[in-house]
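Note sheet for the following structure.
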Amino acid sequence: MAKGKASTDPAEREKLEWPYDWAPPWRSQRLVGHDDAEKTMLTAQQSGRLHHAWLLTGPRGIGKATLAWRFARFLLCGQQQGGLFGDGPVDLEVAPDAPGRTLVDARSHPDLFHLRRSLNPDTGRMRAEIAVDDVRGLGAFMHMTPAMGKWRVAIVDSADEMNRNSANAVLKILEEPPPNAVLLIVAHAPGRLLPTIRSRCRRLALQPLADETVVRLLGDYAPATKPEERTALARLAEGSIGRALELAGAGSLDLYREMVEVLATLPELDMPRLHAFAERFAKRGEEANADWRSLNYLFDGWLKGLARHWALGTEAAAVVPSESGLNGRLLAAASLDRWMEAWEKIAHLLSRADAVNLDRKQTVLGSFLALQTAMR
């Protein structure tokens, strides 16, 4: 693809939108761990009083978008399927040869609208936010007459990426819901949405997956990982198979191991080891960016876990051997207020590094030194 130009090849465009090795939600064949949520949506449809808007919430990577696509597929293609005794569908599963199924999977069904970040035609890159012009297209779609069946379905993935203008445009649609149209909104942090959007949706909160479920799914989707690696990745991912797969693909377990080995030298940091660790983030490029994103997630998760276990008076289970006993030793060295102060400072440093393009190596050094200060 020429630099600065958006590709017209659907496969290339999809790769920019979904840069992972596993199937995207619109083609995913499985949803594990959310049977109750599926049953709630099926029961609502069968009642004849299906709400016009659903807000699917929960941590990133647990299956919210996959559930939205399963329900969209069911409404558009699968309602005529019979149950075990021909008395109606018993779940949201749709037969591979159901009319319209391939159109939904290709996101080309005339009664389907997928609102998400779009490609900037000038740069060929994904926009940072969902543009208000895209929402205007959604408004026109929702008021059209269904072309192939009873319903029109729109999926917003994710609402967290809307700016104020696009959020207000979605709100206007919710204020005047058209008949036989369903809006499925995926949100990782619903508290950031406009209260008026939340109040007009039926909320369905999905819970993080059990560690054993994440371990099993890692075995299916990342078979090259070792059993002990899957267990460690599941703990780091906190119930998110999407996050676990990202961490596995980026080699983040090795990064976490190195991070903990530096932390283990507190309160007198091993400065040569720290500098060697920080140096890897001074580089640029896709691999370095992936390391940087992983560090942001891992460091923030480790600090949150430290504070949580201090408050509960418990000891965190070690993800890697060098972590054994580390949290207890650190928690005994400073008050919760000191650790919270350090966490806030580090979170600010990491966010500023991306916002104003600060030197990443210096940001890492400053973050570890903030922990050292908390212990003195």
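The values are calculated or read from the model by the stated rules, or taken from the named source; none is laboratory data. In this text, all values refer to a predicted model and were calculated from it rather than measured experimentally. With ideal geometry, Cβ positions are generated from the backbone for all residues, glycine too; neighbour counts draw on all protein chains shown.
Values as computed for the structure displayed
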quantity	calculated
Counted residues, the range 45-67 - those being part of a helix (DSSP H, G or I) and either surrounded by fewer than 17 Cβ atoms within 10 Å (Cβ to Cβ) or hydroxyl-bearing (S, T, Y) (or both)	2
Residues within the range 14-32 that are among the hydroxyl-bearing types (S, T, Y) and without any contact (Cβ under 8 Å) to a residue 60 or more places away in the chain, tallied	1
Residue count, the range 215-229 (criterion: surrounded by fewer than 20 Cβ atoms within 10 Å (Cβ to Cβ), closer than 20 Å to G305 by Cβ and in contact with a Lys or Arg (Cβ under 9 Å, 6 or more places away or on another chain))	0
Criterion violated by E258 - all others in (1) in a helix (DSSP H, G or I); (2) under 23 Å from the mean Cα position of the chain (by Cα) satisfied	(2)
Residue match in the range 312-326 (condition: closer than 22 Å to L253 by Cα, within 29 Å of the chain's Cα centre (by Cα) and acidic (D, E))	yes
Lone unmet requirement of (1) crowded, with 20+ Cβ neighbours inside 10 Å; (2) farther than 22 Å from S324 by Cβ; (3) of a type outside the set (A, V, I, L, M, F, W, C) for P208	(1)
Count of residues meeting criterion [of a type outside the set (G, A, S), outside any helix (DSSP H, G or I) and in contact (Cβ under 8 Å) with a residue 40 or more places away in the chain] in the range 155-177	4
Test: A72 is in a helix (DSSP H, G or I), closer than 15 Å to V153 by Cβ, in contact (Cβ under 8 Å) with a residue 40 or more places away in the chain and out of contact with any Pro (no Cβ under 8 Å at 6 or more places or on another chain)	yes
Test: residue in the range 299-321 that is hydroxyl-bearing (S, T, Y) and modelled with pLDDT of 85 or more	no
First in the range 40-56 and free of Cβ contacts under 8 Å to residues at least 60 places away in the same chain, second anywhere and surrounded by fewer than 17 Cβ atoms within 10 Å (Cβ to Cβ), Cβ under 7 Å, 6 or more apart	L42/D91; Q46/G88
Any hit, the range 281-296, residues being touching a helix residue (DSSP H, G or I) at 6+ places or on another chain (Cβ under 8 Å), in a loop (DSSP other than H, G, I, E, B) and either buried (at least 19 other Cβ atoms within 10 Å of the Cβ) or of a type in the set (D, E) (or both)	yes
Only one of R117, R107 that is at positive phi, in the same structural domain as G78 (by TED's automatic domain parsing) and in a loop (DSSP other than H, G, I, E, B)	R107
Of residues in the range 9-65 being hydroxyl-bearing (S, T, Y) and in contact with a strand residue (DSSP E or B) (Cβ under 7 Å, 6 or more places away or on another chain), the one farthest from I185 (Cα to Cα)	T40
Close pairs (8 angstrom Cβ cut-off, 6 or more residues apart or separate chains): within 15 Å of V156 (Cβ to Cβ) and free of Cβ contacts under 8 Å to residues at least 40 places away in the same chain in the range 119-142, acidic (D, E) and surrounded by 14 or more Cβ atoms within 10 Å (Cβ to Cβ) anywhere	E129/E161; I130/E161
Filter result for the condition that a residue is within 27 Å of L42 (Cα to Cα) and hydrophobic (A, V, I, L, M, F, W, C), over V153, V132	V153
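Rundown of residues vs (1) out of contact with any Leu (no Cβ under 8 Å at 6 or more places or on another chain); (2) acidic (D, E); (3) crowded, with 16+ Cβ neighbours inside 10 Å; (4) assigned by TED's automatic domain parsing to the domain that holds R117, yes/no style:
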| position | (1), (2), (3), (4) |
| --- | --- |
| D133 | yes, yes, no, yes |
| A140 | yes, no, no, yes |
| V153 | no, no, yes, yes |
| A187 | no, no, yes, yes |
| I197 | no, no, yes, yes |
